[in-house]
Amino acid sequence: MRRVRITALVLLAVLTAAACGARLSPELRKQAATAALNAGSGNGNGTGPGVGPANPSPGSVNGGIGGPIGGSNGAQGSNGTSGKQGTQGGPQGAASGCNGATDVGMTSDSILLGNVSSTSGPVSGLFEGAPEGAQAFAAFLNSQGGLCGHNVHIRFADDSTNCQGNQNATEELANKVFSFVGSFSLEDGCGAKYLNAHTNVPDVHVALAPEADNPPNHFDIETGALGYATGPFAYYAKKLGAAVKSVGTLYANVGGAVPKQKAFEHAAKSVGWNFVYSRATDASETDWVGDFVTMCNRDHIKIFFTGAENAQYAAKMVNDERQAGCPASLINIIPIAYDQAFVADVGNTSAIENLLGWNEYSLFFNTDEAAKIPELQLLQGWFSKANPGKPLNLYALFAWASGRLFQQAFQAAGAHANRASLMEQLRKINQFTASGIVAPMTPSDKKGGVKCYILWQVHAGKFSRVDDPATGYRCDGQFLPLNG
C-alpha cells in the first residue's frame, strides 16, 4: 500500500516533536498526523515559504558523466522468488548527446530542479532529509560532470508545513525550474492543484496527500491505490502456522490510518490471518498496558502486529507487553520498527530479540546492506559528504531514488531532452528499483501497487535480512486493493 511506511516516520516526527523541544497542542498534533496519513491536504493560511536562490553546485565538475542507472529495469519475481535487480548502468564516459538541449530551467550547460519540502512550521526540521537527499544526488551528478553535460542546481523551498505555503512555492518555482524532484511535504496536495492545471511541469516525488498523486505529470516511487500486498502475510502464515489465527493489533485513529489498517487486515485475512483484538488508539495515547492485559490474558494472542502507528510508539508497546505480563513466547511482527532510533527507544535488546518485520525498500542505513548493493553504498557515501554528521533517513532515500528516476528518463530523452520528452520517457519506465534500493514499481501507475518486499529480523539489537535474496526482493503474493 502506498505511503504506509512513510506514515510511520511522518507520525514519529510529528507526534513526538515534544521530545525535540516543540510543544504541539493535541489538536495540532492530530491535524498534522491526519495530513500525514492522507486524510487531506490541509488548509493553512500562512504567508508562504522563503524561496532561496539556487545553490551552487556541490561537487567539482570533472570527467564524463556516469552511465544511466537501471540499464534494464528488473523483472518482478513470482511464487516467492525475488525480483531481479536492474543493472547498474554503464561506466562513466562521454555525454550521451543531450548536452545541447534547452527548456524552462535548462540552458545548454546547466539545469535547475525544484524541491518543495516541509522543513519548518509546527515541527522544526520535519523533513530536512528530503532536501539533504536531493543535495547528495546533485553533488554526485556534478562530481561526474553533471547530467548529460548540464551542471545540476537545486532550488529548495520550505513550505513551512502550510497549505498556502506549498501552493505558493509550487507556483513560484514552476516557471523557473525544469522539474520538481524529491519533494516531501504534508501539504503537497495544495501544490498539486497547480500541477494538475499545468500538466507541462514534470513532478517526481513521493506523494503524501492523495491529491498529489493524481496529476498525470506526477511520477512516484511509491505508486499505487489503497490496498496492500499479500506476500508478507502469506509468508508468516506458512512459517508460523496456527499462530496467525490469534493476532492482536493496535492502530492510530487518525485520518488515513484507519483505511490503511483496513487494507492491512484485508490482505492478512485473505491468506488466513485472524484478528481477535483490534483497537484504534487516540493520537494522544502513550500507555497500552491495559490493551496487552486484555490481549494476553483474555484473548491469548500469539502474535502482536502493528503497522499503522509509529516506531517510537511501537517501542513503547513492546515495553508495555512486558509490564502487562505477556508471555515470552508472544511473537512481535512490527514492520514500522525499521528506524534508527527504535532499538534505543526500547532500551532493552532482549525485549526485541527475534522481532520480525518487512520493508518495501532496502535496509538503507545498514552498512552490511550497502556492501552488497553498490547503489546504496553510493547513497550512503554521498549523503555523508553532502551532509556531514546528519542521519540518513527514509526521506533522503526517497529523494535520491526520485533523482535517479529523473536521471534515467532525462538520459533516455537524449538530444531531444525537454519537459515533454522527459515525461514521455518517465511513462515508459516499468519495474524501477533505483538499482536495487527500492522495491520494483511503475512510476506512472495510479491504480496498482507495490507487491515486492524484503523480510528482516532483529538479532542482538541489529536488523538483518532473513529468507531473502542477498540484494533483491521477494515478489510472491499479489497486491490486493481494499475496494474491488
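Tell me the residue from PRO202, PRO232 that is open to solvent by less than 30 Å² (accessible area, probe 1.4 Å) and within 28 Å of ASP467 (Cβ to Cβ), please.
Going through PRO202, PRO232 in turn, the sole match is PRO232.
Run VAL343 past the list (1) open to solvent by 20 Å² or more (accessible area, probe 1.4 Å); (2) touching a residue at least 24 places away in the same chain (Cβ under 8 Å); (3) within 25 Å of VAL450 (Cα to Cα) and report the number of the one that doesn't hold.
(3)
I need the full set of residues from the stretch 84-107 which are open to solvent by 60 Å² or more (accessible area, probe 1.4 Å) and at pLDDT 50 or above, in order please.
Once the filter is applied, which keeps residues that are open to solvent by 60 Å² or more (accessible area, probe 1.4 Å) and at pLDDT 50 or above, the stretch 84-107 yields ASN99, THR102, THR107.
Please go through the stretch 243-302 and pick out each residue that is part of a loop (DSSP other than H, G, I, E, B) and open to solvent by 60 Å² or more (accessible area, probe 1.4 Å).
Within the stretch 243-302, ASN253, SER270, ASN274, ASP282, SER284, THR286, ASP287, HIS300, LYS302 meet the criteria.
Consider the stretch 314-326. How many of its residues are under 25 Å from PHE264 (Cα atoms), out of contact with any strand residue (DSSP E or B) (no Cβ under 8 Å at 6 or more places or on another chain) and not hydrophobic (A, V, I, L, M, F, W, C)?
3
Determine, yes or no, whether ALA420 is surrounded by fewer than 20 Cβ atoms within 10 Å (Cβ to Cβ), hydrophobic (A, V, I, L, M, F, W, C) and more than 27 Å from PRO335 (Cα to Cα).
Taking the combined requirement at face value, the residue satisfies it.
Quick check: is even one residue across the stretch 463-470 under 25 Å from LYS262 (Cβ atoms) and open to solvent by 40 Å² or more (accessible area, probe 1.4 Å)?
Within the stretch 463-470, not a single residue is under 25 Å from LYS262 (Cβ atoms) and open to solvent by 40 Å² or more (accessible area, probe 1.4 Å).
Go through the residues of the stretch 224-233 one by one and say whether even a single one is outside any helix (DSSP H, G or I), under 25 Å from ALA315 (Cα atoms) and in contact with an Asp or Glu (Cβ under 6 Å, 6 or more places away or on another chain).
No, because not a single residue in the stretch 224-233 is outside any helix (DSSP H, G or I), under 25 Å from ALA315 (Cα atoms) and in contact with an Asp or Glu (Cβ under 6 Å, 6 or more places away or on another chain).
Filtering the stretch 240-263 down to residues that are in contact with a strand residue (DSSP E or B) (Cβ under 9 Å, 6 or more places away or on another chain) and not hydrophobic (A, V, I, L, M, F, W, C), which residue is nearest to ALA209 (Cα to Cα)?
Going through the qualifying residues, I end up with LYS260.
The values are calculated or read from the model by the stated rules, or taken from the named source; none is laboratory data. All values derive from a computational prediction rather than experimental measurement. When we count neighbours, we look across all protein chains shown, and the Cβ atoms used for this are built from the backbone with ideal geometry, even at glycine. The protein model used for the area step is the full one, side chains on, heavy atoms only, and it has no ligands, DNA or RNA in it. Shrake-Rupley method; radii C 1.70, N 1.55, O 1.52, S 1.80 Å.
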